[in-house]
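Visitor: Please find one structure pasted underneath; my questions will follow.
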Amino acid sequence: MENIAEYLKAERSQEWRDEVRKSMKTKLRLEKVRVQMSEEDPNVRNTNNIEVNTGLSVEEAVLEAQRCIDCPTPTCMTGCPVGINIPKFVKKIETEDFLGAAAVLKDTNGLPAVCGRVCPQEKQCEAQCFYTIKLGKPAVAIGHLERFAADFEQKSGQIAIPEVAKSNKIKLGVVGSGPAGLAASGDLAKFGYDVTVFEALHEIGGVLKYGIPEFRLPNDVVDVEIESLKQMGVKFRTNFIVGKTASFEDLKEDGFKAFFVGSGAGLPRFMNIPGENYNGIFSSNEYLTRVNLMNAANPEYDTPVHSGKLVAVIGGGNTAMDSVRTAKRLGADRSMIIYRRSEAEMPARLEEVKHAKEEGIEFMNLHNPLEYYADDKGMVKSMKVQKMELGEPDSSGRRRPIAIEGSEFILEVDTVVVSVGVSPNPIVPAALPKLEITDWGTIVVDKDTMQSTTIPEIFAGGDIVRGGATVILAMGDGRKAAAGMHKYIQEKIKAN
Amino acid sequence: MSKILEKEYFSKNVAKIVLDAPEIAKSRKPGHFVIIKIGDKGERIPLTIASSDPEKGTVTLVVQKVGVTSDKLLALEVGDEVTDVVGPLGEATHIENVGTVLCAGGGVGVAPLLPIVEGFKKAGNRVITVLAARSKDLVILEEQMREFSDEVIIMTDDGTYGKKGLVTLGMEEVIQREKVNLSVVIGPAIMMKFAALTTKKYNIKTYASLNTIMVDGTGMCGACRVEVGGKTKFVCVDGPEFNAHEVDFDQMLMRLGAYKDQEYAAYQKYLETEETVA
């Protein structure tokens, strides 16, 4: 940690940083008001797939960057799971060196255009910003600025490909091409390894493609980042399930020395209440995969999706928000969130809840489904819902929802999306009997190196380790694991 | 991408397709399936593997034309590529020496049954196979089945070949004649439902291989869920084979119909476009 502090100090005392700081009085910086992200009109955007946030203009970005006072101890960085040098990239924006800002982001984050869009900044960097913790004012809009710099680079056509060490010809495998796998593969390529990413689906990107909708994270944005990894020499194999198509043993025989497993969320959870297997009731994974990955809403594509006029989405997380807003876009008259706690306990990003409300999503907070009813063809037609109230805090620290007896009522629905979480993907644990896993099915790893506690050549991160996490935490894991794998391989080489 | 190396029609709407898929051919065991997708705009559908040749690196599928995707697949010729093929998926059949095994296949369900018949025979069992079809020209893989079965009984709905009657009639004939230790049934859901009811009467342990709707096929989406023994199971990762006496076939039939209207409309539209093109 000391090294990092010293490094940051040295960086901060560079001439250009001094000049930027002195170019404006701190008092003036503090007087500025946080920029507002401009958005598409809610009543237009809820009928199409256009990205909601339109991004900052150059002027807006520079003004916002000026708010940052370039603290001697940048507390914001403690909130970032991948350790972005936040003040440095923000000050690059202030000096209008936008490509330079993007390069700073890419030093530690292979997917800045993604993170700028989907990170819960209000719980991470922005929660630790000087403005938040000392002044009680809105934080510097670090997330918006990150997206600005990354988008600027993507649009400039001058995409900097990170420097890659000379190839050491050592083959490493990455299982899963979601955020954890992409982050790990980028770092491993930088160290000079011969990296192959194995993806089960027919598209690269994992949850960034099948899960997060176009209106929040356009696929093009993800593809540019994947292209950069390809330029760095990372190989991708789609339609390849490690543990099924080939075993870990097969791949080892083929020369692979170690693996990073980022196989992600598997089995969707259901509530196990009566009628949950009726038609028209989906997991959010299925609903979003059909729409996002398979393009089911587009009549030119073969995959169908059932998305009705009265849609209830069960849950209060980001995936629930993605599902309910998708339903609205597919033409629902009523798109409803049914969440058993209150808005204060919702795990979704604040911005997603705000956007959902603007788009006409109905929030039935403190409500819980009890049973589903179907027509004679087995298609869901209504559900029994019970009202809840909040009691004492539970083990998660959130106030526990308690059912109000006698408050049950029938709600008419024709589509239900169950978004109450996922269990880890079972394929890798099933393929490696020696792997230590928890009762929840997650892989047990050393928290610093992300190395399996029982199989030294296996490293893991993201949802397969955490059970359910965010894109940025998965990426943080991928980076840590890459460092762990590098150390493991180098030590093995020395030992021989 | 997997290239089609061979293609042979068994009947007007049923054909065998041999694909170049060396990794799958090497890893696959009886009971496994693949997911295929045709073209950038295609959908993902599961197809059970009928056989494979690890040395040649090939996988054989038997496909019946029932909708857009199966029609598109059968429209491909030798030398064409199937855009996406992934597998082998699911849990393999648990094959051991149990004594006498009664295998029953209906329609194209006969294809995935073939490697299971072969497996049980090679494990030292007495294997009796009942093949059921609507009429003579829809009976498939009879020769191959005879190779690995001690006896093959053919049942047709219209009596044009073998005996006239449903699969259950042929199964009961065997059960009443001799001791059966295990039964495996694969075919349309309705056929498996009644086959399971038949063996249940005689308390014979029975496995059914379920062919539900799937999207990813790796346990992610839950489209394939069905109740088995009162618990919701995912066919793609928990199956595709289950204790047939515990499967809620009525629920499975209902769930198979989830997109019936949309599928029918899409197929009609597809056929019309094909005609215009032709």
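The values are calculated or read from the model by the stated rules, or taken from the named source; none is laboratory data. Given the structure is predicted, the values throughout are model-derived calculations rather than measurements. For neighbour counting, all protein chains shown are included, and Cβ atoms are generated from backbone atoms with ideal geometry for every residue, glycine included. Heavy atoms of the whole protein, side chains included, go into the accessibility calculation; ligands, DNA and RNA do not. Shrake-Rupley method; radii C 1.70, N 1.55, O 1.52, S 1.80 Å.
Visitor: Beyond 18 Å, what share of the Cα-Cα pairs of segment B:43-139 is found? Please give it as a whole percent.
Guide: Numbers: 2664 of 4656 pairs.
Value for segment B:43-139 (Cα pairs over 18 Å): 57 percent.
Visitor: Per-residue Cβ counts within 10 Å, from other chains only, averaged over A:234-240: what number is that?
Guide: Working: counts 0, 0, 0, 1, 3, 14, 3.
Partner-chain Cβ atoms within 10 Å, mean over residues of A:234-240: 3.
Visitor: Accessible area per residue, 1.4 Å probe, Å², for segment A:268-422: what's the number?
Guide: On the way: 6030 Å² over 155 residues.
Normalised by residue count, the accessible surface of segment A:268-422 is 39 Å².
Visitor: Going Cα to Cα from A:Lys309, which lysines come in below 20 Å? Please leave out same-chain ones fewer than 8 positions away.
Guide: A:Lys328, A:Lys357, A:Lys377, A:Lys381, A:Lys384, B:Lys260
Visitor: For segment B:109-156, what is the largest minus smallest coordinate of the Cα atoms on each principal axis, given in angstrom and ordered from greatest to least?
Guide: 32, 18, 14
Visitor: OK, next. With an 8 Å cut-off on Cα pairs and a minimum separation of 6 or more residues, tell me the relative contact order of segment A:344-496 in percent. Display every interim value, and only then the final one.
Guide: Details: 199 pairs, mean separation 19.3, N = 153.
Once normalised by length, the contact order is 13 percent.
Visitor: Once you charge only the Cβ atoms, +1 for Lys and Arg and -1 for Asp and Glu, what is the size of the charge dipole of segment A:268-422 about its Cα centre, to the nearest 20 debye? Write out the running numbers ahead of the final one.
Guide: Working: 19 positive and 23 negative charges, 48 e Å.
So the dipole magnitude of segment A:268-422 works out to roughly 220 debye.
Visitor: Tally Lys and Arg at +1 and Asp and Glu at -1 over the other residues with C-beta under 14 Å from the C-beta of B:Ala223: what net charge comes out?
Guide: Working: positive: A:Arg290, B:Arg44, B:Arg225, B:Lys233, B:Arg255; negative: A:Glu276, A:Glu286, B:Glu43, B:Asp216, B:Asp238, B:Glu263.
For residues surrounding B:Ala223, the net value is -1.
Visitor: Find, among the GluC sites (Glu not before Pro) in segment A:326-425, those assigned to loop by DSSP (not H, G, I, E, B) with at most 15 other beta-carbon atoms within 10 angstrom.
Guide: Numbers: sites: A:Glu343, A:Glu345, A:Glu351, A:Glu352, A:Glu358, A:Glu359, A:Glu362, A:Glu371, A:Glu389, A:Glu405, A:Glu408, A:Glu412; in loops: A:Glu359, A:Glu405, A:Glu408.
Counting only loop positions with at most 15 other Cβ atoms within 10 Å, the GluC sites (Glu not before Pro) in segment A:326-425 are A:Glu405, A:Glu408.
Visitor: Taking every pair of alpha-carbon atoms in segment A:268-422, give the share separated by more than 20 Å as a whole percent. Don't skip to the answer; put the middle values down first.
Guide: Values: 5656 of 11935 pairs.
Distances greater than 20 Å cover 47 percent of the Cα pairs.
Visitor: What is the sum of charges around A:Glu389, taking Lys and Arg as +1, Asp and Glu as -1, for the other residues whose C-beta is under 13 Å from the C-beta of A:Glu389? Write down the numbers at each step before the final one.
Guide: Values: positive: A:Arg340, A:Arg341, A:Lys387, A:Arg399, A:Arg400; negative: A:Glu345, A:Glu392, A:Glu405.
Neighbour charge sum, excluding A:Glu389 itself: +2.
Visitor: Taking 0.36 nm per residue of sequence separation and subtracting the Cα-Cα distance, how much length would be gained by fully extending the chain between A:Lys494 and A:Lys27, in nm to one decimal?
Guide: Working: separation 467, 0.36 × 467 = 168.12 nm, distance 5.50 nm.
So the chain would gain 162.6 nm between A:Lys494 and A:Lys27.
Visitor: With a 1.4 Å probe and all protein chains in place, put B:Arg177, A:Arg12, A:Arg329 in order of accessible area, largest first. Don't jump to the answer; show the numbers that get you there.
Guide: Numbers: B:Arg177 110, A:Arg12 55, A:Arg329 30 Å².
Highest to lowest solvent-accessible surface, that is B:Arg177, A:Arg12, A:Arg329.
Visitor: On to the next question. Find the centroid of the Cα atoms in segment B:199-241 and in segment A:3-57, then give the distance between the two in whole Å.
Guide: Here the two parts' Cα centres lie 52 Å apart.
Visitor: Moving on to the next point. Over 26 Å apart: what share of the alpha carbon pairs of segment A:40-178 falls there, rounded to a whole percent? Please list the in-between numbers first.
Guide: Working: 2878 of 9591 pairs.
Roughly 30 percent, rounded to a whole number.
Visitor: What does the charge count around A:Gly192 come to, taking other residues whose C-beta lies under 10 Å from its C-beta (Lys +1, Arg +1, Asp -1, Glu -1)? Don't jump to the answer; show the numbers that get you there.
Guide: Values: positive: A:Lys166, A:Lys169, A:Lys190; negative: A:Asp194.
Here the count lands on +2.
Visitor: Further, regarding this structure: Arranged from highest to lowest average of other beta-carbon atoms within 10 Å per residue, in what order do the peptides A:394-404, A:470-480, A:152-162 appear? Mind dumping the intermediate values first?
Guide: Working: A:394-404: 12.8, A:470-480: 26.4, A:152-162: 14.5.
Peptide ranking by packing, descending: A:470-480, A:152-162, A:394-404.
Visitor: Under 8 Å for C-alpha pairs, at least 6 residues apart: give me the relative contact order for segment A:268-422, rounded to a whole percent. Provide the component values of the computation, followed by the final result.
Guide: Values: 342 pairs, mean separation 47.0, N = 155.
Computed value for segment A:268-422: 30 percent relative contact order.
Visitor: Can you give me the Cα centroid spacing of segment B:24-62 and segment A:175-251 in angstrom?
Guide: 23
Visitor: When you look at the Cβ of every residue in A:248-260, what mean number of other chain Cβ atoms sits within 10 Å? Can you show the working numbers first?
Guide: Working: counts 0, 0, 3, 0, 0, 0, 0, 0, 0, 0, 0, 0, 0.
Per residue, the number of nearby Cβ atoms from other chains is 0 on average.
Visitor: Can you give the accessible area of A:Glu51, probe radius 1.4 Å, in Å² rounded to 10?
Guide: The accessible area comes out at roughly 30 Å².
Visitor: Tell me, what are the semi-axes, in whole angstrom and largest first, of the equivalent ellipsoid of the protein assembly as shown as set by the roots of 5 times the Cα gyration tensor eigenvalues?
Guide: Numbers: eigenvalues 518, 183, 109 Å².
Ellipsoid semi-axes (Å, largest first): 51, 30, 23.
Visitor: Same structure, new question: What does the highest-first list of A:453-459, B:67-73, B:3-9 look like by mean Cβ count within 10 Å? Mind dumping the intermediate values first?
Guide: On the way: A:453-459: 18.4, B:67-73: 20.9, B:3-9: 14.4.
Averaged packing, sorted descending, gives the order B:67-73, A:453-459, B:3-9.
Visitor: Determine the share of chain B's accessible area contributed by carbon and sulfur atoms, expressed in whole percent, with a 1.4 angstrom probe.
Guide: Values: 5890 of 11780 Å².
Summing carbon and sulfur atoms, their accessible area is 50 percent of the total for chain B.
Visitor: Let me ask something additional. If you bin the C-alpha pair distances of chain B every 5 Å from 0, what whole percents do you get?
Guide: Calculated P(r), rounded to whole percents: 1, 6, 12, 17, 20, 18, 14, 8, 3, 1, 0, 0.
Visitor: Per residue of B:219-231, what is the mean number of Cβ atoms on other protein chains within 10 angstrom of that residue's Cβ?
Guide: Mean shielding count: 6.
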